[in-house]
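Beneath this line is the structure, given in structure tokens, with notes to follow.
Bear in mind that the values in this text are calculations on the coordinates, not laboratory data. This structure is a prediction, so every number in the text was calculated from the model and none was measured. Here Cβ is always computed from backbone atoms with ideal geometry, including for glycine, and neighbour counts include all displayed protein chains.
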Amino acid sequence: MLIGLAGRICSGKNYVGRLLTLRGLEVWDLDRVAEKIRNNRRTEVMKLFGTTDKAEIASIVFNNPGKLAELENLIYPELKKQILEYPYDLVINGALLKTGGFDRICDFVIYVDAPREERQRRAEAYRGISADEFERRDNTQSFTDPSVSKYECPVVTIENFGKTDTALIADLDRIFSHPPKS
């Protein structure tokens, strides 16, 4: 089984991912796997961006959709290959499951949602991201919202704000006791 874990910046995807790990599922953070692929392709990255520095590349791609597409075209094919070759149940955690076409290979997606104001507060408090930078990054992720974009597999939304851990775990238990079908 392949499960996608999606949501906008600071919605709590990583936190829900940790809860899924406690359920015994393998969870891959697509950003980390992509970073390994990017590091293995340093020469190509340098040709595209003039740098291999992660922060500089992020600044470039979050301000230039064309450059973002170039990075995705470099990374996503290898990422998809590694996912498809993984022999066990897997959760793939990534804000941009939709743009990479990863929703096409998932059995279903868990979309983690939180109010915009809370996500911005988290971004500033935990990641030191300015309000302007949050706005830019959040705008690049608008299509992750299932109310905006149609996913190619079923989507279940979990609200990750104002709930206890017990309530979030109960939400996940309900999802896994009755997984959505295509």
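Close contacts from region 31-50, counting a first residue that is among the charged types (D, E, K, R) and a second that is part of a loop (DSSP other than H, G, I, E, B), with Cβ to Cβ under 6 Å and a gap of 6+ residues or different chains, come to Arg42/Thr52.
Yes/no per residue for (1) exposed (fewer than 14 other Cβ atoms within 10 Å of the Cβ); (2) more than 14 Å from the chain's Cα centre (by Cα):
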residue	(1), (2)
Leu5	no, no
Ile9	no, no
Leu20	no, yes
Ile57	no, yes
Pro77	yes, yes
Val112	no, no
Glu117	yes, yes
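Checked against the criteria, Pro179 counts as in a loop (DSSP other than H, G, I, E, B), surrounded by fewer than 16 Cβ atoms within 10 Å (Cβ to Cβ) and out of contact with any Cys (no Cβ under 9 Å at 6 or more places or on another chain). Filtering region 140-168 to residues that are surrounded by 15 or more Cβ atoms within 10 Å (Cβ to Cβ), of a type in the set (Val, Ile, Thr) and more than 14 Å from Val112 (Cα to Cα) leaves only Thr140. Out of Leu172, Leu96, one residue alone is buried (at least 18 other Cβ atoms within 10 Å of the Cβ) and either assigned to a helix (DSSP H, G or I) or basic (Lys, Arg) (or both). It is Leu172.
Here is a yes/no grid of residues against (1) closer than 30 Å to Glu159 by Cα; (2) in contact (Cβ under 8 Å) with a residue 24 or more places away in the chain; (3) of a type in the set (D, E, K, R):
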{"position": "Ile60", "(1), (2), (3)": "no, no, no"}
{"position": "Asn63", "(1), (2), (3)": "yes, yes, no"}
{"position": "Gly66", "(1), (2), (3)": "no, no, no"}
{"position": "Gly94", "(1), (2), (3)": "yes, yes, no"}
{"position": "Phe102", "(1), (2), (3)": "yes, yes, no"}
{"position": "Asp113", "(1), (2), (3)": "yes, yes, yes"}
{"position": "Glu124", "(1), (2), (3)": "yes, no, yes"}
